[in-house]
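A quick write-up on the structure given underneath.
The values are calculated or read from the model by the stated rules, or taken from the named source; none is laboratory data. Just so it is clear, the structure is predicted and the values come from calculations on it, not from any experiment. Heads up, the Cβs are rebuilt from the backbone with ideal geometry, glycines too, and the neighbour counts pull from every protein chain shown. Just so you know, the surface numbers come from the protein's heavy atoms only, side chains and all, with ligands and any DNA or RNA stripped out. Shrake-Rupley method; radii C 1.70, N 1.55, O 1.52, S 1.80 Å.
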Amino acid sequence: MGNVSVSQMEKSPVIAIAGAGASGLMAAISALHAGARVILLDRNDRPGAKIYATGNGRCNLSNRIMTKECYYSESGEDILRRMEPFGPESVCRFFTERGILLHERNGYLYPRTDQASTVVSALVRELRSFPERLEFLPGIRVSELTRGKKDDAPAFCIRGESRGGNVLTRRADRVILASGGMVSKEFGCTGDGYRLAMSLGHTVTPLFPCLVPLVTQGSNQKAAAGVRTQARVTAVIDGKSVRSDTGEVQFTERGISGIPVFQISHPLSEALAENAAGHSPRRRIAVRMNFLPELSDGEFAKEAQRRLRSIRPDDTLGDLFAGLIPAKLSSLLIRDAGFAQEKKIRNLGGPAREENPDAAQRIPRLLLDTLRQKEFIICGTEDFHRAQVTGGGIPLAEVDSEFASRVCGGLYLAGELLDTDGICGGYNLTFAFSSGWIAGRSAAAGSNSYVILP
């Protein structure tokens, strides 16, 4: 496979790809299949470094459930339509045709081995089918990218640097930037791609961490640190519910984490970034939690009434929640209400208790209500180091349907650099593979002419 004559190689375009992650590897494979010569550069010593960490090492590479709501972009564009030339089914077929059997967990698709190394090995093995047309340069950071004059051939000069400070240069007809976003600095994702794109005329929307733990406001959050519990979480911005998800929530010393929290983190993180940038008026950002999502409103009302009827004067506020939620979580709810969980019911009514028998039940009733609609003010997120994907990036309006730049002829962009990010569940890897394949094919067939944005 991949054998071509010397004369054919001389006519083949040279494509330089910055980044050997999911999008860069797929771009290289696609371009090689289309007959191009490829220079693949990556600051890591091995290709696919970040892929090894995806899906907790199991590589959740796609999902059976695909709707446009699974992706975010400031453009509001339907990302699934943009991926149509090499969509989710094509991504899965690519791997199965190379011997990677897939299996499913609640829609999430993994290699049957549950090992990310299986996916990386398949990609690398495919690259090795084209030894005469591939130059792989590991351990090289692309430090500078310059575009020649309109009619220059080859059009680009790429300057790279090794960790030891050695400099190399390469020339290429076209370039694909696929160097990832701001997350996973240990895998070389330091935002170089944004800088290189901007040097060639692109813009970058504000960047913010997504699929990330949230930091809550208040002094009592440590009371529940370490607790894991089922809950329905809803992102609330300026009093409006914008996204919900249900699953296991984890409480940390600084706030909340877990997959359902990650699933709603994008709009919250974006609003936090707007506040940090001086957005006026300042957004009110919160998460509302229902700690008993399996109960209907009627079922909860019956359970609450049963507990209020059976409560005894010597019971504590903590006893009120026994059997419903973990003790550390009830401690947090009670402390946030201004009480200690050891406080006895008999001491709640005060002097007015004899005149108003319901006084001692008002507080328990209000506390039980927090099980259905406890609100946490969100004051921040953990940083990019704790995030799984970058929000924001190069606007989709600046690339055409083939992921070719509209502002710099011969330049293509793919993967996390673009202003597109998905929820948990293999959506980000699917977009990386899809955009990489389309960009590689397009670059192999494309021209170097400039296309000016309208």
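Extension gain for E89-K68 works out to 6.0 nm (0.36 nm per residue, less the C-alpha to C-alpha distance).
In whole percents, the pair-distance distribution calculated for segment 1-123 from its alpha-carbon pairs, binned every 5 Å from zero, is 2, 10, 16, 18, 20, 17, 10, 4, 2, 1, 0. Full extension of the chain between R195 and D78 gives 39.5 nm of extra length, using 0.36 nm per residue less the Cα-Cα distance.
Working note: Karplus 6.51/-1.76/1.60 with θ = phi - 60° gives segment 367-378 the couplings 5, 4, 4, 5, 5, 9, 8, 7, 10, 10, 6, 9 Hz, where Gly and Pro are set to x. Close amide H contacts of T381 (hydrogens built in the peptide plane, cut-off under 5 Å, sequence separation of 5 or more or a different chain): V215. Amide H contacts under 5 Å for I394: T205, L418, D419, restricted to partners 5 or more places along the chain or on a different chain, H placed in the peptide plane at 1.01 Å from N. By DSSP, the beta bridges lying fully in the chain are antiparallel in about 75 percent of cases.
Helix-only mean residue ellipticity at 222 nm, the chain, DSSP H runs n ≥ 4 weighted -39,500 (n - 2.57), per residue, nearest 500. What is it?
Estimated from H runs of four or more residues: -8500 deg cm²/dmol.
In segment 262-335 the Cα-Cα distances spread across 5 Å bins starting at 0 as 3, 12, 16, 16, 13, 11, 10, 9, 7, 3, 1 percent of all pairs.
Calculate, for L308 and N56, the FRET efficiency according to 1/(1 + (r/R0)^6) with r their C-beta to C-beta distance and R0 30 Å; round to the nearest 0.05.
0.10
Computed over protein heavy atoms with a 1.4 Å probe, the carbon and sulfur contribution to the accessible area of the chain reaches 48%.
Annotation for segment 49-154: GluC sites (Glu not before Pro) lying in DSSP loop with at most 13 further Cβ atoms inside 10 Å of their Cβ are E97, E132.
Computed about its Cα centre, the charge dipole of the chain is approximately 520 debye, with only Lys, Arg, Asp and Glu carrying charge at their Cβ. Karplus-based coupling profile of segment 249-261, in residue order and whole Hz: 9, 10, 9, 10, 5, 10, x, 9, 8, x, 4, x, 5, with θ = phi - 60° in 6.51 cos²θ - 1.76 cosθ + 1.60 and x standing for Gly or Pro. Projecting the Cα positions of L368, F403, A387 onto the charge dipole of segment 355-416 (unit charges on Cβ atoms of Lys, Arg, Asp and Glu, taken about the Cα centre) puts L368 furthest along the positive direction. Positive-end ranking of H33, G226, A49 along the dipole of the chain, with charges on Cβ about the Cα centre, is headed by G226.
Solvent exposure of the chain amounts to 45 Å² per residue of accessible area, where only protein heavy atoms count and the probe is 1.4 Å.
Dipole check for segment 113-243: with +1 at the C-beta of Lys and Arg, -1 at the C-beta of Asp and Glu, and the Cα centre as origin, the magnitude is about 280 Debye. For the set K222/K328; K240/K328; K302/K328, the pairs lying more than 20 angstrom apart at their alpha carbons are K240/K328; K302/K328. In this structure, the amide hydrogen of I17, modeled 1.01 Å from its nitrogen in the peptide plane, lies closer than 5 angstrom to those of I39, L40, L41, I176, counting only residues at least 5 positions away or on a different chain. Dipole of segment 137-264 computed with +1 at Lys/Arg Cβ and -1 at Asp/Glu Cβ about the Cα centre; of G160, L211, V236, farthest Cα towards the positive end is G160. A value for Cα extents along the principal axes in Å was derived from the coordinates, and within the list (1) 75, 43, 43; (2) 100, 48, 41; (3) 58, 55, 47 it appears as (2).
A crude spin-label estimate for the pair T113 and N347, with each label 7 Å from Cα along the Cβ direction, gives 6.2 nm. Derived scalar couplings between HN and Hα for segment 272-281 equal 4, 5, 5, 4, 5, 7, x, 4, 10, x Hz in order, rounded to whole Hz, by the Karplus curve 6.51 cos²θ - 1.76 cosθ + 1.60 (θ = phi - 60°), x for Gly and Pro. Charging the Cβ of each Asp and Glu at -1 and of each Lys and Arg at +1, and nothing else, the dipole of segment 201-343 about its Cα centre rounds to 200 debye.
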